[in-house]
Structure formats: C-alpha cells, structure tokens
Amino acid sequence: MAYCKACGVELRQGARFCDMCGTKVEKICPSCGEVLRDQAKFCDLCGVKLPLTELVSAPKTVKGSVCAGRLHTVALRTDGTLLATGDNQFGQCEVSDWTDIVAVAAGKYHTVGVRADGTVVTAGDGSFGQCDVEDWTDIVAVAAGDKHTVGLRTDGTVVAAGRDSSGKCDLGAWRGIVAIAAGMEHTLGLTQDGAVVAAGDGLFGSCAVGNWSNIASIAAGHIHTIGVRRDGRVVEADGFVAPGVTDWTDIAAVAVSPFHTVGLKTDGSVLASGDIQYGQCDVDQWTEITAVAAGERHTVALKADGTVVAAGDNEAGQCAVADWKLW
C-alpha cells in the first residue's frame, strides 16, 4: 500500500492525486503507473525493478557503430562524427558535418542521429514526416523504419514521427522501455524486465511478441521480428523470412533487413540466413566482429580494430567501406 505524504490517507491504485487533500503523487512506477511504496525495490503491480528514474542514458564514451538503410551505409566514429556511402538520392548520406553524435540509425531513405545533448538531427527523405524531430529532447537512442522514426527518452518513454497508417507511431502509452526497433509497418520496444511490446500492422505475425520473455535485444525487419534471449538463443515472429535462426546459439546481437537476418556470435563470428541473391549472407569468414547491420541487399560489420567490412550488392556504393576507420 502507498500513503499520501501530506495527509496520510491511503492512495488508490494508479492515483495521481490524493483523494483527500489533492497532493500530487510523485512516486509512480514508470512501467505501469502504479503508486509506489516508499523504499520499494520492485513495483507491487508489475514487478519491474526500481528505481527507474532514468532507464537509459547517453554513453559517456561514444562507441563506433554501423547501420544500413536500403542502399546506404552509415558509420559512427568514436569522435562523434559520421561516415556515409551509397545511394544519396534524398540526401540521406549528407551527414559529414554532423558532430557530437552518440547514436545513429538508417531508415529506407533517411538517416537519424542523436546528439550528446539529447536532440536529434536527420537527413534524407522526410516526405512522410519521418524527419519532423526537431523538437525532440532527452533522446538517447533512435530507430528508423521505412517511413517513420522512433526515439527513446531517458525516462523510458518513446516518441515517433512519420506515416502512421498502421498505428506504428501510437506509442504514447509505452513505459519502461530500454531499447527500440522499427520495421516497415511496426515498431518494437524492449522493456527492462525483458518483455517486448509492439505497435503497428503486425503483417505476417511480426507483432506476435506478447509471450516473449528474458529478451536482451530486438530487431525489426519489414515483416518479421527477431529477439535475442539473455541465454543467447533467438526467437522469431514470422518464420519464413530467415529460416533456421531459432537454432542459432551464443548470439550477442542481430540485424535484419526485409529479406535476411544477421547474427553476431559472442566469439565475434557472424551467421546469416535468408536471401543470398546478392551475396549478403557471405559472412561466414568474418572474425573479430563487434557490431553488424543489414541493408536491403547488403550486410555491414564493424571489426574490433575499428575497420568496417561489407558483403552483398554494391550497385550504389553501399559496400564501399574498405578504407573506413572508426577510431
């Protein structure tokens, strides 16, 4: 039970104000909205671990990373600047003047970056409103879908911009989120307790994640969803885009495109499943990999020495990363 600090009256479950004296209730579970007991270690209603006053925070030291859009590739250097190559039809590769970036994501035809101060910058196609993020603040991570952009705030809430015909931007009720992912017509959120929430069309079952648990990371393709459990096993919503991934073990992270899935193993090797038409799954010889990304027809990876490797279609120059060095 919880009691009003001003008058001592017992508070109703979920109350925002005391019924007796009107005092605002300040201790609310950010995951479910339950009134919290003083000194509580876990929420009595949903069981989430507390405190969650700041669920996620911007990195103190920027780590190099890579991301991939449909036909372009972007890399974040440890000095907070970016490299980009590939299709630039909409200006999605015009990021060379960005500075103080701590996180980056690539959508189909746009690129999104998070600055160290929690604001967001975009480049590329914004015709559906996916680049209307100039008023976002306190952002620590972003995800970019085909026609929408999602931002994760430090308090575990989520914002979105762009085309919302499927409800994939209807995320205002989400709480306690620690990671996000964006597909073609769906959005995913990973909660602190390892559950996954989804919004959007759920084409071919891509939003069927309600029974997932103990999830450590998530990834969203066009019409499929991948989760990595804390034990390194993989779960999938939709079973035909990337056959065999549920047999993978010792997985540290995954990346997905519309047609293939890439898994980074804890030993630095890489697995891939799905479309092989352009050689995007020719990754079995890669070693010492620390991060992976998947474009529509190419795969990109960051090596432990700060160099970048790529496989697959290079029609637009999206695999021209041989001379990249991120630190």
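The values are calculated or read from the model by the stated rules, or taken from the named source; none is laboratory data. Because the structure is predicted, anything quoted here is derived from the model rather than measured. Positions of Cβ are backbone-derived with ideal geometry, glycine not excepted, and every protein chain shown enters the neighbour counts. The protein model used for the area step is the full one, side chains on, heavy atoms only, and it has no ligands, DNA or RNA in it. Shrake-Rupley method; radii C 1.70, N 1.55, O 1.52, S 1.80 Å.
See the values below:
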read-out	value
Radius of gyration and Dmax over the Cα atoms of the range 68-154, both given in Å	11.4, 33
Residue (of 293, 326, 263) at the positive-pole extreme of the range 245-327, dipole from beta-carbon charges	326
Per-residue SASA entry for residue 204, accessible area with 1.4 Å probe, Å² rounded to 10	140 Å²
Rounded to the nearest 10 Å², the accessible area of residue 228 at probe 1.4 Å	0 Å²
Cα shape, the range 174-287, gyration tensor, a/c 1.5 rule	oblate
Karplus 3J(HN,Hα) series, Hz, for the range 96-102 with 6.51 cos²θ - 1.76 cosθ + 1.60 (x for Gly, Pro)	5, 9, 6, 9, 6, 8, 10
FRET efficiency estimate (nearest 0.05) - Cβ-Cβ, residue 78 to residue 315, R0 25 angstrom	0.25
Label point distance in nm, residue 96-residue 127, each placed 7 Å from Cα along Cα→Cβ	2.6 nm
Extreme residue, positive dipole direction of the range 126-258, given options 172, 232, 194 (C-beta unit charges)	232
Projected area averaged over orientations for the range 255-327, convex hull of C-alpha atoms, nm²	4.4 nm²
Residue 249-residue 10 FRET efficiency (beta carbon distance; Förster radius 45 Å; 0.05 resolution)	0.35
Full-extension gain in nm, residue 325 to residue 266, via 0.36 nm per residue minus C-alpha separation	19.0 nm
